1. Can you give the Rg to Rh ratio of the range 348-541, both from alpha-carbon atoms, with Rh computed by the Kirkwood formula?
2. For a quick check: sort Thr24, Thr61, Thr85 by the number of other beta carbons within 10 angstrom, fewest at the front.
3. Tally Lys/Arg at +1 and Asp/Glu at -1 over every other residue whose Cβ is under 11 Å from the Cβ of Ala57; what's the total?
4. Stretched out fully, how many nm does the piece from Ala341 to Asp509 gain, at 0.36 nm a residue minus the Cα gap?
5. Jot down the radius of gyration and Dmax of the chain, Cα atoms only, both in angstrom.
6. At R0 = 35 Å, how high is the FRET efficiency between Ala318 and Arg294 if r is their beta carbon distance? Nearest 0.05 is fine.
7. Grab the alpha carbons of the range 246-332, take their convex hull, and tell me the volume per residue in Å³.
8. If you take every residue apart from Gly555 with its C-beta less than 13 Å away from the C-beta of Gly555, what net charge results, scoring Lys and Arg +1 and Asp and Glu -1?
Amino acid sequence: MAEEQALNDAREAISQILRFLGITRIVCVDDEYKDSPGVDDAVAAAAQLTPEEIRAALPETGETSLDDSEVRAERVRQTLDALDTKAKQERSEKLLAVARLKNGDVTDDKADALILKQLIPHSQLIPLTPKKWLEQGEALLAQDSEQRTLFLFDQDLSEDGGERTGGMKIISAVLASDSQGTRICGLLTHTATPENEHEQWKQLSREFSVPFDRFIVVPKKWLNQDPLIFAQRLKLVALSPDFSKLKGKAAEIVQRAVVVATKEVEEISIFDLDHIVFRVAGAEGLWEPDMLFRLHSLFSRLEARRLAHQAGEMEAIAKRLRSVSHIPTDSESLPALTTWALQRRELFEPGNHLNGNHVPLELGDIFVKTGSTSNKAYILLSQPCDLMVRPGGERQPEIDFLTLAEVVTATETPRYAEELEYFGQGPAERYFVKLKQVHQVRACMLDLCVFNSDGKASIEVGKDCPDGIRPCWTERHGRLMSVYQKKVDRLKLLWATPADAEDVRRAKDEIRRAVLADLLDVGLFKGDVSEAHGRRAVAFNCCRIGRLSRERAFGLLMAYTSCLCRPAYDRDFGKPIAKPIKP
């Protein structure tokens, strides 16, 4: 009786959705409504059901044994023939709908249309053929302001004189004539599947020039695979107009808040601006425009919150959405959300932005080895104040080494590790920061990543600092140039010349490699010196690829310090020895 329970759960959810939103009727346009199922169709459907399922859908069969297939068919036929026309149609549709739920592997528009009729109260459902819509559609749309209506359209209406994309064309016209922006439309289609419904939704929006948030695509497959998910999609159809209003109101508030914030910043005196934007920023080695953005963010946030609570308009919309959103429509077969990628964007800043804009080194910066097949990454866990480069291109105090912790993929949580959520390419991948697997890396090597738009740790000896570098880091470049100039100068006598014999060349090369290992060995990463067009460059197999958000990076730093400061008690000998834990 699982199919009957699925129908009941979905029916109850839909009933609540309609009640909370004040929707009094649902207009469904489908070319399958042109023909009603006959007794022969119902008898064929009953052949796929158990005796208990038949009695639930057709209670008039009574207690007669239905175990024998021939007896079952004859009893169903006799029972249906004895009913009046309305009851016969309702019972026949119920038998076909339940049978469809048991066998949803093949496409059957007629059966799916009958499942829809089982889910929506008969008093609220107005099933129309495409021809009937042409006759009644204009009047139904005009009545929408008094009787709130949910409009559902099958995509392929070709069986009743319509077009294969007729549903979407009707939706486009219906919404184009909606000056109030209150009409609720959904598209029922087999062209969208549970696997591609989001992509189909976007494609149809572009193809028919219908705003993405003004309609929703509902795969018909949910009707027979899981009616509760169909109810959930119906909920989203109904919520769509209010969501549009909420987003529009939020956008309006943000725009108004920006105007107010701009005026607030303009009213700050030149003395205060000079102090905040240049003197404070300069003393800390910050980029001056960042201080202006900080001021704008402060005033915008305060004004946006004030406007959001003003008159209670946003709360009224949110209350309507909240009451419907909380109606239970969860299901085990609910498709995965696509919000993972959005959350990842909030937590990680991409390397192309950091490196392209020469953003200074910061807590949470993530590095990889270039030219390596390893899937490890390394995250910077040094205190932010220690990383700050101040006027003169110095850190205060100047530190030689920075801490990088290994980031590895694993199926289970390693010991002494913190999970780095959303780091991979999908939710199936799990990554962890191993707090005991740390490396001390020279700061001057990691600093080189800041000066290269590809994020690689390299420097061309004798070349000027690139454009677009912040003042403190321009001075830092000069200090780093001095460091690496000295290292390269120590190799002067070890570069082969045209006059060198072959054995001399080989000897110089071997000695140079040995010296390089000493000069440029920074532990985790290795360096090399190359020569081209009379210039020499130092490069390490290190590249910055991104940055963890400041809040999460601080959490990792705290976890790292807690790991270092964990208590070391005498070994407990009162308990059995546990199985070894994998590192």
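1. On the way: Rg = 18.7 Å, Rh = 18.4 Å.
Radius of gyration relative to Kirkwood radius: 1.02.
2. Neighbour counts put them in this order, fewest first: Thr85, Thr24, Thr61.
3. That works out to -4.
4. Numbers: separation 168, 0.36 × 168 = 60.48 nm, distance 4.86 nm.
Value of the extension gain: 55.6 nm.
5. 34.6, 113
6. Numbers: r = 29 Å, r/R0 = 0.83.
Given R0 = 35 Å and the Cβ-Cβ separation, E is 0.75.
7. Once divided by residue count, the hull of the range 246-332 is 132 Å³.
8. -2
Laboratory data are not the source of any read-out in this text; all were calculated from the coordinates shown. The structure displayed is predicted, hence computed values, not measured ones. Neighbour counts are summed over all protein chains in view; Cβ atoms, including those assigned to glycine, are modelled from backbone coordinates with ideal geometry.
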